[in-house]
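For reference, the structure is listed below as structure tokens.
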Amino acid sequence: MNFVTPTSGQNFTEPADVNVEVTATDADGVIGSVELFLNNQSLGVDVSSPYTWNGLAQLRGLKRGTYTLEAVARDNFGESGRKTITINVQDNLTITFLSPVDGAMLKEGDDLNVGVDVTNSTGNVARVELFLNEQSVGTDMATPFRWSEQTILKDLAPGNYMLKALATDNLQDTSSKTIKIVVKPNATPVVTFQMPTNGQRLEEGADLAVMVEATDSDGTIQQIELFFNEQSLGIDNAAPYKWENLPALQDLKPGNYTLRAVATDDFGKVGSTSINIQVIANLSPTITFTSPADGATFDDGADLTVQATILDSDGQVVKAQLFINGVPAGEDNTAPYSWSGLPALQNLTPDIYQLLIVATDNDEATSEKSITINVRNTDGAPVVTIITPRDGQKFAQGDDLDVLVEAKDFDGVIRNVRLYLDDIFVGRLSAAPYQWNAANYPDLRNLKSGMHRVRAIGLDNQGKTTEVTNVIEVMPNTPPTVFFVNPADQDIFIMGEGVNVEIDATDAEGTVTSVELFFDGLLVTKDMTAPFIWNSANHLPLRNLQSGSHILRALAKDNDGGQSEASIEILVSGPGGNFFPTVSFTGLTEGQKFREGTNLTVNANASDSDGTIVGVELFFDDQLVRNDATAPYQWNSQVDVLMRNLRPGNHILKLVATDNEGGTASSSLTIMVTPNIPPIVSFVRPTTQETIFEGTDLIVEAAASDSDGTVVKIELFLDGTLVGADVLAPYRWDTSTYPSLQGISAGAHTLQLTVMDDNGASNSTLLTINVIQSNGFPVVTIIAPVNNQMFPEGTNLLVQAKAADADGTIRNVRLFFDGVTVQTLIAEPYEWNSLTYPQLANLQIGTHTVRVLAVDNQGRTGESTHTITVVSSGQNIPPMVDFVSPTNLQSIMQTTTLNVQAEASDANGTITGVQLFMMPL
């Protein structure tokens, strides 16, 4: 079937009369009828060839617009076929802008002259009204249509402008035409320093002369102002631009200086440039310690004398200051330089000391020199110093920490050094160098912001310890800043052009490690170093721009993992100045997964910057779902059959938006429909290794999950009989609800779990348990140490225990210390000492667990656990006391004379008294 007349895409002039003729054939029958539709409205049925519709009222006097003609043919078997075409009815008024042309570029401050040509195919042109950015400029009643003297067209400011001409003919019909122009801002003047040059070095006391050059690509330079360390030194209005013999530029002192020149052009636009110069100071004094020597060692309580030789090659030494560990100790202003008898130098306590001398010469130049001395502890305790990090040192959030500790013992050797970060144990080292790094110690990685304590404890061969602490501060990371230099937001381009992009990115407390550029959500490329520039010649996504709106997004990252982004929108006009529409999915993402059987809903956004959206079509795997002509644009399973009961596989969704000038835009994405995956279920309790005795009340616990849905039910079967179902996690069956789990008999039993998900899929798992005849548990008693007993650091521990089994014999007894097996004994006495078992020797400070586990002749176990605490040798430990007689809850006869006997001991002292109290219950 085909349209003879009109043809698809044929153009008519308003008002249009249209006659329609259609041919239709049927290869295996005859055509029964052909029905014609105009914009989905039936115009009637023709039952014989030729199939024509002439002079119909609906086809006469058509107004401008796009019309859809559809012919539906039906044969003698009731089968149908259809053919659809579109025709266009065009405006009888034709408007052409003679000047300016669409997309014209003007300069800031230009005046605008507008010329328009209008023709009318059916009559005369009565008037033409001109609008600038929707504001009326004026109406011209006769050709030539011109506008130039209106104030609104004078002295244009930078920006994007829209010109619209509205023409009216003698029948009061109207038509309009719109173009866009861009007024570019005035170019910035360029200024450069001729002398001095950037980074130039001058000697102290030098006089400075400054000369600069300036150019303006679209105008002239009006003035240049010079700033010295941001202080204005004056304005020069004519070349050559030079400043000299100014007090501020004479007799320069040592230091770094900034020169900034600011040029202003004839439009008031300013451009500036800055350079830095350095004035070198005089030579600093030299310092040599003559006493004590670097690394010298003194006894606890020593008095110290410090002597030094200080010289200045280009002047005199006017002051020498001594500091001890950063604290001022005294000042000597004349040679020979010596310090003694000062409180800070007398009766030194054990430590590692830094001696620092700071010398100042007659030109106020300073230098410093330091040495380190050791004052040993006469009581034998080690000397510990944290070398890095320094006390008060600052770090950035996310940094890794490296720790270096120096430990010395002047009357022995260092056994080990322990490191703690915020009281969390990091690690113990038994030999120098005592260094911990983040690569080997996870607790030192990725520091969080805030204050942290680094603590080191040194232990020598005599068991003596010294502890030192440094405090560090971790500063929070500040993300980098990023913005577009070029193009600007809302800049306009012509279809087919390319866009060049420049980004500025900085980081206040670190460095920018990369900037990524995205064009409409797709990565263009990543730039690792400034300047961050992308051009269309080297980057394909930035070439051959298509009509519509496009989003440029820049993502900057810094060296601490912080990131920030900036986005702008650019506009690209299509043929004839039409901006194509934009269309996008909302709520759906590329690669989104759905389960088999899902009913899909699709939502879309569509817009047209210079017109209106006439329709949005959705295609599902290239099959049209429906054309939606009005917002909100939505397709769902209630209306659209293709959206129902999705089948497994990958499916392509495509949106096509059409605007009122026939411009189109599309957007596609792929969704994945996955087949339903059965749930999985497993036994948490009991396990295959678990020993269950006859008469036990059985408890069953299960774990279940469904990777693509939810678990709705788990059924438990015991020996093939349903026990019950649980519909909510945690999944548990016990005798309080299910009596069939009570007092399970000896023998083999089968447990089965069957799980079902929300899509009806199920899965099962089996577990066989062996129930053995009843056997009693062995009983374990820890005699020593007493529960919660305290010991001093370095204690050698003795553990004693008893074990008994009422219905059998003890196979073995095992001791665990802090969860680690010490030894298993197979016969009494059950006793472990530090001589045989080193784990019990020289206990370290902290809380420890003593656990004794007994196994009987049938494999049943019993256990007992005590907790002990080891404290520093200087801390007092409370005494221990226990009754020898009578025993707890012992029964005695009335009128009996009671004898009471108690035992008391003190781990690090002596018992001074035991008091007895008798209180009625």
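We did not get these values from a lab; they are worked out from the coordinates using the rules stated. Just so it is clear, the structure is predicted and the values come from calculations on it, not from any experiment. All Cβ positions, even for glycine, are placed from backbone atoms using ideal geometry, and neighbour counts span all protein chains on display.
Counting 0.36 nm for each residue step from Thr188 to Leu522 and taking away their Cα separation leaves a gain of 116.9 nm. Here each label is just a point 7 Å from Cα along the line to Cβ, and for Ala748 and Lys154 those points are 10.8 nm apart.
Here Lys557 is the anchor, and the aspartates and glutamates within straight C-alpha reach of less than 12 Å, apart from those fewer than 8 places off in the same chain, are Asp507, Glu516, Asp527, Glu565. For the stretch 226-265, the spread of Cα positions along the three principal axes, ordered from largest to smallest, is 35, 18, 13 Å.
One Cα centroid belongs to the stretch 625-679, the other to the stretch 77-118; the line between them spans 32 Å. Of all lysines in the structure, the ones whose alpha carbon falls short of 29 Å from that of Lys242, not counting any fewer than 8 places away in one chain, are Lys253, Lys269.
In terms of other Cβ atoms within 10 Å, Arg376, Arg390 run from fewest to most in the order Arg390, Arg376. Each label was represented as a point 7 Å from its Cα along the Cα-to-Cβ direction; for Ser217 and Asp110 these points are 1.6 nm apart. Compared with the alpha-carbon gap, the fully stretched path from Asn763 to Ser370 is longer by 133.9 nm at 0.36 nm per residue. Where does the Debye-calculated log10 I(q)/I(0) of the stretch 23-163 sit at q = 0.11, 0.16 Å⁻¹, using only Cα point scatterers of equal weight, no solvent? Result of the Debye calculation: -0.64, -0.88. Near Gly724, the amide H atoms lying under 5 Å from its own belong to Leu716; only residues 5 or more places off or on other chains count, and H is placed 1.01 Å from N. Measuring between their Cα centroids, the stretch 198-241 and the stretch 744-795 lie 87 Å from each other. Since only Ala729, Gln742, Thr688 are under comparison, the one whose Cα sits farthest along the positive direction of the charge dipole of the stretch 643-767, derived from C-beta charges on Lys, Arg, Asp and Glu, is Ala729. Averaging 1/r across all pairs of distinct Cα atoms in the stretch 190-280 and inverting the result yields a Kirkwood radius of 13.4 Å.
A cut-off under 11 angstrom between Cβ atoms defines the neighbours of Met211, and their net charge, with Lys, Arg +1 and Asp, Glu -1, is -2.
Classify the stretch 582-674: rounded, prolate or oblate, from the alpha-carbon gyration tensor (a ≥ b ≥ c, eigenvalue square roots; a/c under 1.5 rounded; otherwise prolate if a/b is larger than b/c)?
Because a/c hits 1.5 or more and a/b exceeds b/c, the stretch 582-674 counts as prolate.
Projected onto their three principal axes, the Cα atoms of the stretch 680-772 cover extents of 41, 25, 20 Å, largest first. Which of the pairs Lys83/Lys180; Lys63/Lys180; Lys369/Lys408; Lys164/Lys184 have their Cα atoms more than 31 Å apart in this structure? As for pairs spanning more than 31 Å Cα to Cα, those are Lys83/Lys180.
Across every pair of different alpha-carbon atoms, what Kirkwood hydrodynamic radius in Å does the stretch 2-90 reach?
Over the stretch 2-90, the inverse of the mean reciprocal pair distance is 13.3 Å.
Rg and Dmax of the chain, both derived from C-alpha coordinates alone, stand at 46.8, 138 Å. Under the criterion of Cα pairs below 8 Å and six or more residues apart, the relative contact order for the stretch 496-570 equals 37 percent.
Amide H contacts for Asp758 (H built 1.01 Å from N in the peptide plane; partners 5 or more residues away or on another chain; cut-off under 5 Å): Thr710, Val712.
Could you pull out which residues in the stretch 35-77 have an amide N less than 12 Å from a spot 7 Å beyond the Cα of Phe12, following the Cα-Cβ vector? Within reach of a label on Phe12: 38-39, 53-69. Taking K and R as +1 and D and E as -1, what net charge do the other residues with C-beta under 14 Å from the C-beta of Leu56 add up to? Charge balance near Leu56 sits at -3. Between Ser338 and Glu467, the FRET efficiency estimated from the beta carbon spacing at R0 = 35 angstrom works out to 0.50. Restricting to bridges with both residues inside the chain, how much of the DSSP beta-bridge set is antiparallel, in percent to the nearest 5? Bridges in the chain are about 90 percent antiparallel.
Beta bridges per DSSP, both residues in the stretch 190-280: antiparallel share near 90 percent.
When peptides 846-853, 195-202 are ranked by their average number of other Cβ atoms within 10 Å per residue, the highest-first order is 846-853, 195-202. In the stretch 779-885, the C-alpha radius of gyration followed by the widest Cα-Cα span (Dmax) gives 14.7, 49 angstrom.
Which net charge results when you count Lys and Arg as +1 and Asp and Glu as -1 among the other residues whose beta-carbon is under 15 Å from that of Val712? Charge balance in the 15 Å sphere: -4. At q = 0.22, 0.25 Å⁻¹, what is the base-10 log of I(q)/I(0) for the stretch 747-820 according to the Debye formula with one equal point scatterer per Cα and no solvent? Please give it to two decimals. Debye output, listed in q order: -1.09, -1.18. Amide H contacts of Leu106: Val182, Val183, Lys184, each under 5 Å away and 5 or more positions distant or on a separate chain (H built 1.01 Å from N in the peptide plane; Pro and chain starts excluded).
The alpha carbon centroids of the stretch 482-537 and the stretch 404-469 are separated by 48 Å. Note on the stretch 497-577: with charges restricted to the Cβ of Lys and Arg (+1) and Asp and Glu (-1), its dipole about the Cα centre is near 380 debye. The peptide list 216-222, 203-209, put in order of mean Cβ contacts within 10 Å with the highest first, becomes 216-222, 203-209. Taken over the Cα atoms of the stretch 481-577, the convex hull encloses 78 Å³ per residue.
Averaging sequence separations of C-alpha pairs under 8 Å and six or more residues apart, then dividing by the length of the chain, give the relative contact order as a whole percent.
Relative contact order for the chain comes out at 4 percent.
Any idea what the dipole of the chain comes to, in debye rounded to 20, about its Cα centre with Lys/Arg Cβ at +1 and Asp/Glu Cβ at -1? Display every interim value, and only then the final one.
Working: 51 positive and 111 negative charges, 384 e Å.
Computed about the Cα centre, the dipole is about 1840 debye.
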